[in-house]
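All of the numbers you see were taken from the coordinates with simple rules; none came from a lab. The shown structure was predicted, so the numbers you read here are calculated from the model rather than taken from an experiment. Cβ coordinates were reconstructed from backbone atoms using ideal geometry, including for glycine residues, and neighbour counts include every protein chain displayed.
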Amino acid sequence: MRIVDLVSVSVSFGKTKALDDISLQIDTGERIVILGPSGCGKTTILRLLAGFITPDSGSVSLGGELVACDRRLLKPPEQRDLGLVFQDLALWPHLTVGGNIEFGLKARGLPRPERKRLLDEALTLVGLRDYAGRKPAALSGGQQQRVALARALVLTPGLLLLDEPLSSLDLELNIRLRHEILRLHEKLGFTLVHVTHDRDEAFALGTRVVVVARGRIERDGSVADIRKYYQTGAPRAE
Amino acid sequence: MTRRLLLGFIVALLVGFGLLPVLSMFGRSIFVDGQLSLAAYGGLLQSTRQWTLMRNSLALSALVTLLTVVTGTPLGILLGKTDLPGRQFLAMLFVTPLLVPPYIFAVSWFDLLGPDGRLAGLSGCTFILFSIFLPIPMLLTMVFLRTVNPRLEEAGRLCAAWPTVLARITIPLILPGVLLAGLLVFLLSFGEFSVPNFLRFDVFPVESFTRFSAFYDFKAATAAVVPLAGVTLILLFVEAVFLRDRTYLLRPSATPERSPVIALGPHRKWLFALVTAAGFLIVVLPVVVLVSRSAGHGNYAEALRRAGGSLGRSFAFAVGGASLLTVFGFFTGYLVQTRALRCWRAVDSLTVFLFALPGIVIGIGLISLWNTPRTNLVYGTSAIIIIGYLAKYTALTSRIMVTQLAQIPPTMAEAAQVAGAGWLRRLALIQVPLARRGLLAGWLIGYIFCLRDTDITMLVYPPGRETLPVRIFTLMANGSPGLIAALCVIMIAAAVVPIGLLWLVSGLRQGKVVE
């Protein structure tokens, strides 16, 4: 089943064209990585999917339902059934780890016992059971990443968007968290859309890689295809 | 060495202009004929009048604070975060009462409601001060909203609608700013003299001024302001402990994207109508009343004849005061930001304390220290007014500069240093040009506060050197209502027109100053 369908989408910020007539289809359960240099438009794709921006032209459909088209927002972010881990994680500093994860459950009006059960499950999932009462600032970088993951996954979204959340970590922690993400994907079965500028990370996390440059899709294929593409001399991104 | 000397000189001036007058005033009130005596304070605890004054002062400040925060915070969110039409115009409209001396709006409402007591006492003072101080929580809410990392709200938007995100994410994040606004409003209301005096409501500043001006009872006047200073100190201590580290800098958000805007959808029209109606009632109506009352009978010609000189002096003192405040603010801001001297925290606390202190206290302090034969060279000239402005308002320009300088990467000055530039050259060629927006914003705010100052100027102005706010205040006792209204309109124009013009030409719109 197709979970994401972008058709001829263009987005501009002032005179800068961030996305130029791109189309992209993603099937349920896929692990897709959007790869490209800074400013190429990859984060714009995620923000488009999340509903923070609307396309100037073209359409965005999620799970077969049209959610935005031609500058019109048809479905707001909170109704899109997706999770997003931001590049800077965006953990709410005034809430505890538990408060951060529980926020979405409260917003959906779940009863307290249900919320507690789901919170415990999410904390266990990311190995942070003993940290529920701590503030995010009291955690290490890796622990913060896991809180952000738990917050995005606690609502069991069908689609998980990751906006370069590993880019600021050292290599060892980066690799450890890649494994964590793969483990969670296998266990929960969500569709993963991961954005990065790091080829190794892309090849480790994706089953399919989409190369974006200057707001356009340059290449779309399996990890093996994209490896070959780079080995045989892909055009250098500016 | 140059840096330490110059900054030390600025600190010494600040101490001489602000701290020593207050200490001198206090010292003179506890010594009688060279002997320590607390006689002036004897009545303070025993007299029921003192307790009445305290109750009135606290009730007025608490009510004004509550109303302004409860109204100003949602107003700030509407004007700073939604797609409400005409947000910039409406924000400027609501700010107008803050630009002029507070009693101007009291005069207007008194004209409108009549002299039969409908605008009097606690309720009348509360309403007038509410309309004047409403922009403080409104503006601080708007400014602090810009400091919230948009990602934090977007993360909330993924699973909740805007009302929940506002209640659980945005407002808790800007809460220190809202509390700071409440504290500011409380202190300003607590020290406000002109409105309670006009509406005959007994509070400490009125008592102190009356003791001083009517009876020239210096010790009793000082004793009456001690509770003001005491409450100010307590509240500033609370601010220093709980808020200062969280509101010290108005940091820009970590990401360059604009803050997410709330689409009001079907609520847009009625909210616009509501906010516009409130702006009309609070700001436009009082001004229209003044304009209509002042029309005809040659009121404006008479006003200019009787107060033209005061108008010119107001401009001159405001321009001079604002310019010196900008210089003082730059150096004290630089000192606090770079911690160049060990006393940086004390200097910061001193400027904030002096700003929070009622103008009446600073005015009496200046008289206490400077009104001597040896210092009459200063006290007998307009310089004493400017000294009062520097003492009271340096905190404003200093805080703006701390914020502005914090946004300049240290590497800018370091690159110049590596290239061989000394401290003054780095300051003049790198830091001052990069901080120009902050300097301009500081100058504008200094101009507004100097122009509207009534309390300090009224106490210290040399004979024949009164400013327009003081002239209007003194004429209110025997001037015709038409003449007073004309003077008030001129005062409003004197504040609003130059600020509006500068705002338009300087590109300060879109809130670029506090970024």
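Please arrange A:Lys17, A:Lys228 by how many other C-beta atoms lie within 10 Å of their C-beta, fewest to most.
With the sparsest Cβ surroundings first, the list reads A:Lys228, A:Lys17.
Give me the Å³ per residue figure for the convex hull around the C-alpha atoms of region A:66-109.
It is 112 Å³ per residue.
Can you give the relative contact order of chain B as a percent, counting alpha carbon pairs under 8 Å and 6+ residues apart? All intermediate terms of the calculation are to be shown ahead of the outcome.
Details: 676 pairs, mean separation 119.5, N = 515.
Relative contact order for chain B comes out at 23 percent.
For region B:363-515, divide the Cα radius of gyration by the Kirkwood radius and give the resulting Rg/Rh value with two decimals.
That ratio equals 1.09.
When the Debye formula is applied to the Cα atoms of region B:350-443, each taken as the same point scatterer, what base-10 log of I(q)/I(0) results at q = 0.11, 0.13, 0.24 Å⁻¹?
Each listed q corresponds, in turn, to -0.50, -0.63, -1.10.
Below 8 Å, C-alpha to C-alpha, sequence gap of six or more: please give me the relative contact order for chain A in percent.
Numbers: 448 pairs, mean separation 63.8, N = 238.
Dividing the mean separation by the residue count of chain A yields 27 percent.
Using every alpha carbon pair in chain B, what percent of pairs falls into each 10 Å bin from 0 up to the bin containing the largest distance?
Once binned at 10 Å, the Cα pair distances of chain B give 4, 18, 29, 27, 16, 6, 1, 0.
To the nearest whole number, what is the average tally of beta carbon atoms from other chains within 10 Å of the beta carbons of peptide A:39-52? Don't skip to the end; give the middle numbers.
Details: counts 0, 0, 0, 0, 0, 0, 0, 0, 2, 0, 0, 4, 3, 8.
Rounded to a whole number, the mean comes out at 1.
Can you give me the orientation-averaged projected area of the convex hull built on the Cα atoms of region B:246-380, in nm²?
About 16.0 nm², averaged over all directions.
Report, in debye and to the nearest 20, how large the dipole of chain B comes out about its Cα centre when Lys and Arg carry +1 and Asp and Glu carry -1 on their Cβ.
Here the size comes out at about 960 debye.
By a straight-distance test (C-alpha under 24 Å), which lysines pair with A:Lys135 as possible cross-link partners, with residues fewer than eight away in the same chain excluded?
A:Lys106, A:Lys116
If N is the number of residues in region A:1-140, what value comes out of its Cα radius of gyration divided by 2.2 N^0.38 Å?
Against the empirical 2.2 N^0.38 Å value, I get 1.23 for region A:1-140.
Tell me, what ³J(HN,Hα) does each residue in region A:84-94 have, in order and in whole Hz, if you take phi through Karplus 6.51 cos²θ - 1.76 cosθ + 1.60 with θ = phi - 60° and put x for Gly and Pro?
Karplus-based 3J(HN,Hα) across region A:84-94 equals 9, 9, 7, 4, 9, 6, 6, 6, 6, x, 8 Hz.
Give me the dipole magnitude in Debye, nearest 20, for chain A about the Cα centre, with unit charges on the beta carbon: positive for Lys and Arg, negative for Asp and Glu. Each step should come with its number before you reach the end.
On the way: 33 positive and 29 negative charges, 85 e Å.
So the dipole magnitude of chain A works out to roughly 400 debye.
If I model the protein assembly as shown as equal point scatterers sitting on the Cα atoms and use the Debye formula, what is log10 I(q)/I(0) at q = 0.07, 0.10, 0.11 Å⁻¹?
Calculated log10 I(q)/I(0) at the listed q: -0.62, -1.05, -1.18.
Alpha carbon centre of region A:1-43 versus region B:37-112: separation in Å?
Going from one Cα centre to the other spans 52 Å.
What number comes out for the charge environment of B:Ala419, summing +1 per Lys or Arg and -1 per Asp or Glu over other residues with Cβ under 10 Å away?
+1
Taking K and R as +1 and D and E as -1, what net charge do the other residues with C-beta under 15 Å from the C-beta of B:Lys219 add up to?
-1
Relative contact order of region B:343-494: what whole-number percent is it, with Cα pairs under 8 angstrom and at least 6 residues apart?
Relative contact order, region B:343-494: 29 percent.
Which of rounded, prolate or oblate describes region B:45-86 when judged by the alpha-carbon gyration tensor and an a/c cut-off of 1.5?
Prolate, since a/c reaches 1.5 and a/b exceeds b/c.
Please report, to two decimal places, log10 I(q)/I(0) for region A:120-238 at q = 0.11, 0.13, 0.20 Å⁻¹ as given by the Debye formula with identical point scatterers on the Cα atoms and no solvent.
-0.43, -0.58, -1.15
What is the projected area of the convex hull of the Cα atoms of chain A, averaged over all directions, in nm²?
13.2 nm²
Let me know the mean shielding of A:84-95 by other chains, meaning the per-residue number of their Cβ atoms within 10 Å of its Cβ.
5
Under the definition of partner shielding as Cβ atoms of other protein chains within 10 Å of a residue Cβ, what is the mean value for peptide B:157-170?
Per residue, the average neighbour count from other chains is 6.
Report the percentage of all Cα-Cα pairs in region B:25-116 whose separation exceeds 19 Å, rounded to a whole percent.
Percentage above 19 Å: 69.
Taking amide hydrogens as modeled 1.01 Å from N in the peptide plane, which residues meet the under 5 Å criterion relative to A:Gly83, leaving out close sequence neighbours?
A:Leu159, A:Leu160, A:Leu161
Say the dipole of chain B comes from +1 at the beta carbon of Lys and Arg and -1 at that of Asp and Glu; which of B:Phe218, B:Pro410, B:Ile364 then lies farthest toward its positive end?
Of the options given, the answer is B:Pro410.
Would you mind ranking B:Val378, A:Val85 by Cβ crowding within 10 Å, fewest neighbours first?
Final ranking by Cβ density, sparse to dense: B:Val378, A:Val85.
Hey, which lysines would be in cross-link range of A:Lys42, C-alpha to C-alpha under 23 Å, not counting anything within fewer than 8 residues on its own chain?
A:Lys15, A:Lys17, A:Lys75, A:Lys228
Suppose every Lys and Arg Cβ carries +1 and every Asp and Glu Cβ carries -1, with no other charges. What dipole size does region A:5-115 come out with about its Cα centre, to the nearest 20 debye?
On the way: 13 positive and 13 negative charges, 74 e Å.
With only Lys, Arg, Asp and Glu charged at Cβ, the dipole is about 360 debye.
May I ask you to sort B:Met54, B:Met25, A:Met1, B:Met458 by Cβ crowding, counting other Cβ atoms within 10 Å and putting the fewest first?
A:Met1, B:Met54, B:Met458, B:Met25
Among B:Leu122, B:Val148, B:Gly182, whose Cα projects farthest towards the positive end of the dipole of region B:52-184, with charges put on the beta-carbon of Lys, Arg (+1) and Asp, Glu (-1)?
Farthest along the dipole direction, towards plus: B:Val148.
Taking region B:324-387 on its own, what percent of its Cα-Cα pair distances exceed 14 Å?
Here the long-distance tail beyond 14 Å is 66 percent of all Cα pairs in region B:324-387.
Calculate the tail of P(r) for region B:434-510: the fraction of all Cα-Cα distances greater than 15 Å, expressed in %. Don't jump to the answer; show the numbers that get you there.
Values: 1862 of 2926 pairs.
So the portion of pairs separated by more than 15 Å is 64 percent.
If the viscosity is 1.306 mPa s and the temperature 10 °C, what translational diffusion coefficient in µm²/s does Stokes-Einstein give for region B:70-187 when Rh comes from Kirkwood over Cα pairs?
The calculation lands on 101 µm²/s.
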